[in-house]
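Participant: Structure below; questions to follow.
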Amino acid sequence: MRLINRITILPVFLTAVSAASILFKGGTIIAFNNQTQGLKVIRGGSVLVTNDRIAGVFNSAPPKTPPGTEIVDITGKIITPGFIDTHRHGWQTVFKTMASNTTLIEFFGRYSSFVAPFFWTPSDVYDSQLAGLYESLNAGVTSTLDHATNTWSKDAATSGLQASIDSGARVFWGFSFANLTDVITVEQLYPIFRELAKNPSLKASPTTIAIAYDGWGPNPNIAEINKIMALAQEFNVSAVTTHSLQGPWGFNNSPEDIHALNYLNISIPVIFSHASFLTPTGAELLRSTNQYISITPESEMHYGQTHPFSYGIQDQASLGVDTHITFSTDILTQARIWLQQTRYERYLGVLERGELPGSNPMSVEQAFLLATRHGGLALRRPDLGIIAEGAKADLVVWDGTSPALLGWVDPVAAVILHASVGDIEAVLVDGKWAKRGGKLVAKGWPQAGAKFLATAKRLQAVWRDLPLPVVPAEFNGNLVVDPLRVDVRRGPGDGYGEVYI
Ligand SMILES: *[C@@H]1O[C@H](CO)[C@@H](O)[C@H](O)[C@H]1NC(C)=O
Ligand SMILES: *[C@@H]1O[C@H](CO)[C@@H](O)[C@H](O)[C@H]1NC(C)=O
Ligand SMILES: *[C@@H]1O[C@H](CO)[C@@H](O)[C@H](O)[C@H]1NC(C)=O
Ligand SMILES: *[C@@H]1O[C@H](CO)[C@@H](O)[C@H](O)[C@H]1NC(C)=O
Ligand SMILES: *[C@@H]1O[C@H](CO)[C@@H](O)[C@H](O)[C@H]1NC(C)=O
Ligand SMILES: [Zn+2]
């Protein structure tokens, strides 16, 4: 009864009192052109935000603004949509810089949810997830698909979700269904998922519940999958995501595996992280079912998942970060690395034939779309990753007068090839300021930073003393060998040095 009353009075309340409008005026807008499905640069334009949405995009000043509109002059600045990160494990932030030369196999044995449950409290998960999201917001990442492996207990899972909600970021929080030896089983996770998915604070938050699952193939447990996907439908989760590698790595979880079980051609978005050894059949399935992969360029280079086939599936690709403890957390860097890596790969094809390139194979516009619009498409959220009337007001304002950007003419090139996180002056999520004047203004910061630091120091001390796992002779049936190490020092010794943790 009370609920019904509130629903009926809510719209009146919103229009009469709390409609909050902000007008960004005089800047260069990297807007989206629905006709061409490409970018549209507007110079000296303005963007009107009302509540959580973009109410209008104008070539100059708007004809009129709602009473009480806050005017923000962005003359000389660039305004873009927020970046979208479609793969990340946000809870691990405390390990930052401790794993600079780790391998993927070592990562599983040292920094993953196979080890953390024995040392972490739920409040550690909260502090670490929240600090990681503030790091993302500061970097202009407004949406994140989190493959949340911190589901080793009800309290650890609840803390991760609560931190996501409290951050103010738009988190597609992917509850991971995984068996963790001596800790928890998938069977025990069903009731926990149900309870979390009913968390009442989700209603007023841009954060939504998603599902992460890595048991699609080979050897799927069909009864288990049917149960998980029944939950996905019952709670209409915002996404389903999986780690897909194939090739020597195993971890297939391929489009073919999921399609064979009839769970690919569904209304819920299914996102394949890495998809390193995607087959031509898998690629065709992605296109015909309109599902996407998440290329995590830096992760795939750092660990060697690699991405030999991803260049040819960029029409169904978005970008992700993955383990932000080991490298940069921002999608801007991912877009830049990916752009140049793609160019390198395409040039190599030419040079290997003894020929020379006569044109450039990938543009900054394409990189920009991958980092923004394509994340929205991957999540089946055409209202994300674009500046257009009706889209969500997830926005980034860049200081066009910083030493890095001063003198720019092409705003897309300025962002993709010249800017850094330090040039991000303001960030809004759902029409609310998360960063302003170059500083985080998100609720709970900087107190959360101080609390995180104490938690990080404590857990880092534990990990410093954990012996490195023994390198196995084989992994998923393949030999594990040392790659050829480089030598940066003349004479004896190669200069590999220490890790300074
Ligand atoms: C964008 O264009 C498509 C057709 O290309 C149309 O279906 C859709 O309604 C348009 N969206 C908006 C917001 O105008
Ligand atoms: C979880 O464990 C059950 C029981 O051993 C097994 O059948 C199932 O395949 C496992 N699921 C995953 C995702 O590993
Ligand atoms: C499920 O959620 C999506 C948004 O994530 C929404 O568009 C759709 O209408 C919902 N479907 C149902 C049956 O509630
Ligand atoms: C997906 O479903 C649509 C109908 O909803 C159908 O037309 C299409 O052929 C299906 N695609 C695949 C690959 O099964
Ligand atoms: C990382 O470097 C340290 C030495 O600084 C070394 O002990 C360790 O084996 C290296 N780890 C890997 C996975 O190569
Ligand atoms: Zn991952």
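The values are calculated or read from the model by the stated rules, or taken from the named source; none is laboratory data. Values in this document were obtained by computation on a predicted structure and should not be read as measured data. When we count neighbours, we look across all protein chains shown, and the Cβ atoms used for this are built from the backbone with ideal geometry, even at glycine.
Participant: Search segment 185-198 for residues that are over 11 Å from Lys154 (Cβ atoms) and pair each with any residue that is in a helix (DSSP H, G or I) and not polar (S, T, N, Q) when their beta-carbon atoms are under 6 Å apart and the residues are at least 6 apart or on different chains.
Facilitator: Every condition considered, the pairs that remain are Val186/Glu224.
Participant: For residues that are surrounded by 12 or more Cβ atoms within 10 Å (Cβ to Cβ) and away from ligand 3 (no atom under 15 Å from the Cβ), scanning just segment 196-208, find the one that is modelled with the lowest pLDDT. It would help to see each step written out before you state the result.
Facilitator: Step one: filter segment 196-208 for residues surrounded by 12 or more Cβ atoms within 10 Å (Cβ to Cβ), giving 196-197, 199, 202, 205-208.
From what is left, the residues that are away from ligand 3 (no atom under 15 Å from the Cβ) are 196, 199.
Values: Leu196: 98, Asn199: 95.
Within segment 196-208, the match that is modelled with the lowest pLDDT is Asn199.
Participant: Would you confirm, using the coordinates I've provided, whether Phe475 is of a type in the set (Phe, Trp, Tyr), over 30 Å from Gly385 (Cβ atoms) and surrounded by 12 or more Cβ atoms within 10 Å (Cβ to Cβ)? Steps first, answer last, please.
Facilitator: Numbers: of a type in the set (Phe, Trp, Tyr): yes; over 30 Å from Gly385 (Cβ atoms): yes; surrounded by 12 or more Cβ atoms within 10 Å (Cβ to Cβ): yes.
Judged against the criteria, Phe475 is a match.
Participant: Right, here's the next one. When residues of segment 239-271 are filtered for being within 20 Å of the chain's Cα centre (by Cα) and within 17 Å of Gly304 (Cα to Cα), how many remain?
Facilitator: Within segment 239-271, residues that are within 20 Å of the chain's Cα centre (by Cα) and within 17 Å of Gly304 (Cα to Cα) number 3.
Participant: Next up: Considering Leu278, Leu264, which residue is aliphatic (A, V, I, L, M), in contact with a Phe, Trp or Tyr (Cβ under 7 Å, 6 or more places away or on another chain) and assigned to a loop (DSSP other than H, G, I, E, B)? Outline the logic, then answer.
Facilitator: Numbers: Leu264 fails: in contact with a Phe, Trp or Tyr (Cβ under 7 Å, 6 or more places away or on another chain).
Of the residues listed, the single one that is aliphatic (A, V, I, L, M), in contact with a Phe, Trp or Tyr (Cβ under 7 Å, 6 or more places away or on another chain) and assigned to a loop (DSSP other than H, G, I, E, B) is Leu278.
Participant: Can you pull out every residue in segment 163-202 that is over 28 Å from Phe108 (Cβ atoms) and either of a type outside the set (D, E, K, R) or within 16 Å of ligand 5 (Cβ to nearest atom) (or both)?
Facilitator: Ile165, Gly168, Asn199, Pro200, Ser201, Leu202
Participant: Continuing with the same structure: When you scan segment 331-354, do you find a residue that is under 19 Å from Gly45 (Cβ atoms), in contact with a strand residue (DSSP E or B) (Cβ under 9 Å, 6 or more places away or on another chain) and either part of a helix (DSSP H, G or I) or in contact (Cβ under 8 Å) with a residue 40 or more places away in the chain (or both), even just one?
Facilitator: Of segment 331-354, the ones under 19 Å from Gly45 (Cβ atoms) are none.
No.
Participant: Okay, moving on. Can you work out which of the residues in segment 386-412 that are free of Cβ contacts under 8 Å to residues at least 40 places away in the same chain and among the small types (Gly, Ala, Ser) is nearest to Ile54 (Cα to Cα)?
Facilitator: Ser402
Participant: If you don't mind, there's one more thing I want to ask. For segment 36-73, name all the residues that are under 27 Å from the mean Cα position of the chain (by Cα) and assigned to a loop (DSSP other than H, G, I, E, B).
Facilitator: Thr36, Gln37, Asn51, Asp52
Participant: Testing Leu145 on (1) among the aliphatic types (A, V, I, L, M); (2) surrounded by 24 or more Cβ atoms within 10 Å (Cβ to Cβ); (3) farther than 29 Å from His374 by Cβ, one condition comes back false. Which one is that?
Facilitator: Only one criterion in (1) among the aliphatic types (A, V, I, L, M); (2) surrounded by 24 or more Cβ atoms within 10 Å (Cβ to Cβ); (3) farther than 29 Å from His374 by Cβ is unmet by Leu145, namely (3).
Participant: Quick one: which helices (runs of 4 or more DSSP H) sit completely within segment 89-182 and have at least 3 residues that are under 20 Å from Leu332 (Cα atoms) and touching a residue at least 12 places away in the same chain (Cβ under 8 Å)?
Facilitator: Numbers: elements: 104-110, 122-138, 154-167.
Hits in segment 89-182: 122-138.
Participant: Under 8 Å between Cβ atoms, at least 6 apart or on separate chains: pull out the pairs that start in segment 283-300 with a residue that is touching a residue at least 12 places away in the same chain (Cβ under 8 Å) and end on any residue that is within 16 Å of ligand 2 (Cβ to nearest atom) and among the polar types (S, T, N, Q).
Facilitator: If the second residue must be within 16 Å of ligand 2 (Cβ to nearest atom) and among the polar types (S, T, N, Q), the pairs left are Ile293/Ser244; Ile293/Ser273; Ser294/Thr241; Ser294/Ser273; Thr296/Ser273.
Participant: Given (1) crowded, with 24+ Cβ neighbours inside 10 Å; (2) in a helix (DSSP H, G or I); (3) within 16 Å of ligand 2 (Cβ to nearest atom), identify the lone condition not met by Ser273.
Facilitator: Every listed condition holds for Ser273 apart from (2).
Participant: In segment 245-261, what residues are away from ligand 2 (no atom under 14 Å from the Cβ) and not in a helix (DSSP H, G or I)? Show your work before the answer.
Facilitator: Going residue by residue through segment 245-261, those that are away from ligand 2 (no atom under 14 Å from the Cβ) are 245-249, 254-256, 259-260.
Leu245, Gln246, Ser254 - these are the residues of segment 245-261 that are away from ligand 2 (no atom under 14 Å from the Cβ) and not in a helix (DSSP H, G or I).
Participant: Given the criteria among the aromatic types (Phe, Trp, Tyr) and surrounded by 18 or more Cβ atoms within 10 Å (Cβ to Cβ), does Phe118 qualify?
Facilitator: Details: among the aromatic types (Phe, Trp, Tyr): yes; surrounded by 18 or more Cβ atoms within 10 Å (Cβ to Cβ): no.
It is false that Phe118 is among the aromatic types (Phe, Trp, Tyr) and surrounded by 18 or more Cβ atoms within 10 Å (Cβ to Cβ).
Participant: Return the residue satisfying two criteria in turn: it lies in segment 372-398 and is touching a helix residue (DSSP H, G or I) at 6+ places or on another chain (Cβ under 9 Å) and more than 20 Å from Trp433 (Cα to Cα), and of such residues it is farthest from ligand 5 (Cβ to nearest atom).
Facilitator: Pro382
Participant: I've got another one for you. Can you tell which of Thr181, Thr149, Thr208 is under 14 Å from Val237 (Cα atoms) and among the β-branched types (Val, Ile, Thr)? Don't jump to the end; show me each part of the working.
Facilitator: Details: Thr181 fails: under 14 Å from Val237 (Cα atoms); Thr149 fails: under 14 Å from Val237 (Cα atoms).
Unique residue meeting the criteria: Thr208.
Participant: Tell me which residues, restricted to segment 285-308, are closer than 16 Å to Ser254 by Cβ and not in a loop (DSSP other than H, G, I, E, B).
Facilitator: Leu285, Leu286, Arg287, Ser288, Thr289, Tyr292, Ile293, Ser294, Ile295
Participant: May I pose another question? Would you please name the residue that is surrounded by the most Cβ atoms within 10 Å (Cβ to Cβ), looking only at residues in segment 221-240 that are polar (S, T, N, Q) and part of a loop (DSSP other than H, G, I, E, B)?
Facilitator: The first filter runs over segment 221-240 and keeps only residues polar (S, T, N, Q), leaving 221, 226, 233, 236, 238.
Within this subset, residues satisfying the condition of being part of a loop (DSSP other than H, G, I, E, B) are 221, 236, 238.
Values: Asn221: 12, Asn236: 11, Ser238: 22.
The extreme case among them is Ser238.
Participant: Also, I was wondering about something else. Could you list, in sequence order, all residues of segment 75-88 that are part of a loop (DSSP other than H, G, I, E, B) and crowded, with 24+ Cβ neighbours inside 10 Å? Before the answer, list the steps.
Facilitator: If we filter segment 75-88 for residues that are part of a loop (DSSP other than H, G, I, E, B), which is where we start, we get 75-77, 82.
Once the filter is applied, which keeps residues that are part of a loop (DSSP other than H, G, I, E, B) and crowded, with 24+ Cβ neighbours inside 10 Å, segment 75-88 yields only Gly82.
Participant: Does segment 202-220 hold any residues that are away from ligand 6 (no atom under 16 Å from the Cβ) and in a loop (DSSP other than H, G, I, E, B), and which are they?
Facilitator: Residues of segment 202-220 away from ligand 6 (no atom under 16 Å from the Cβ): 202-209, 217-220.
Residues satisfying the conditions are Lys203, Ala204, Ser205, Pro206, Thr207, Gly217, Pro218, Asn219, Pro220.
Participant: Could you please let me know if Thr181 is closer than 21 Å to Ala156 by Cβ and at pLDDT below 95?
Facilitator: Numbers: closer than 21 Å to Ala156 by Cβ: yes; at pLDDT below 95: yes.
Spelling it out, Thr181 is indeed closer than 21 Å to Ala156 by Cβ and at pLDDT below 95.
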